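The values are calculated or read from the model by the stated rules, or taken from the named source; none is laboratory data. Because the structure is predicted, anything quoted here is derived from the model rather than measured. Every residue, glycine as well, gets a Cβ built from its backbone with ideal geometry; the counts of neighbours run over all protein chains shown.
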């Protein structure tokens with residue numbers, strides 16, 4: 001992966017992450033066998049989650065839709081904006097690693113303070129509120145999953161650290 005900007009510090013206050021700055025990385029091209037293995041792992045994980053009563057999040061890149069599930073029951077669905085062709089959203093099986101009420105997002109061509117309701121699920125990749133655009137349904141991000149702020153708050157309040165996140169084509 002190619003780092004597009006330098007690493008920044010996390011602030012920890014009374015064991016609660018308050019704000020941070022994160023890098024955005026470009027993903028390397030994957031071979032056909034790797035893509036097939038990833039697709040199989042995604043299908044297997046979705047099948048297992050639908051047989052459970054666990055909360056989980058599915059992001060469908062082809063429809064630009066995020067669905068929050070509890071087992072096989074959809075809880076909430078929203079239109080999102082995922083990564084552009086040059087800065088794609090990674091597919092795979094992940095889980096929420098951390099949650100921040102606000103974060104700063106920076107890259108070579110952007111610097112956005114106070115990004116609300118940020119849930120990191122793979123390094124610097126996150127589901128978060130986007131107050132700077134209304135183009136949901138169109139891939140326009142630098143790899144993150146952009147959600148309208150009110151929807152992002154609802155998802156942030158519903159999900160916890162460890163909630164599985166499935167990103168598929």
(message) Being assigned to a strand (DSSP E or B), touching a residue at least 12 places away in the same chain (Cβ under 8 Å), out of contact with any helix residue (DSSP H, G or I) (no Cβ under 9 Å at 6 or more places or on another chain) and closer than 19 Å to residue 150 by Cβ: is that true of residue 77 here?
(response) yes
(message) Six or more apart or on different chains, Cβ atoms under 6 Å: show the pairs whose first residue is in segment 139-165 and within 16 Å of residue 101 (Cβ to Cβ) and whose second is part of a loop (DSSP other than H, G, I, E, B).
(response) 147/80; 149/131; 159/96; 161/96
(request) Of the numbered conditions (1) surrounded by 15 or more Cβ atoms within 10 Å (Cβ to Cβ); (2) modelled with pLDDT of 95 or more, residue 106 fails exactly one; give the number of that condition. (result) (2)
(message) Within segment 11-30, does at least one residue satisfy the condition of being within 16 Å of the chain's Cα centre (by Cα), at pLDDT 95 or above and more than 15 Å from residue 127 (Cα to Cα)?
(response) no
(request) List every residue pair whose Cβ atoms lie under 6 Å apart, where the two residues are 6 or more positions apart in sequence or sit on different chains, the first residue falls within segment 62-73 and is closer than 13 Å to residue 47 by Cα, and the second residue, located anywhere, is at pLDDT 95 or above and in a loop (DSSP other than H, G, I, E, B). (result) 71/52; 71/53
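Residue-by-condition table, conditions (1) more than 25 Å from residue 49 (Cβ to Cβ); (2) buried (at least 24 other Cβ atoms within 10 Å of the Cβ):
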site	(1), (2)
99	no, no
128	no, yes
147	no, yes
150	yes, no
158	no, no
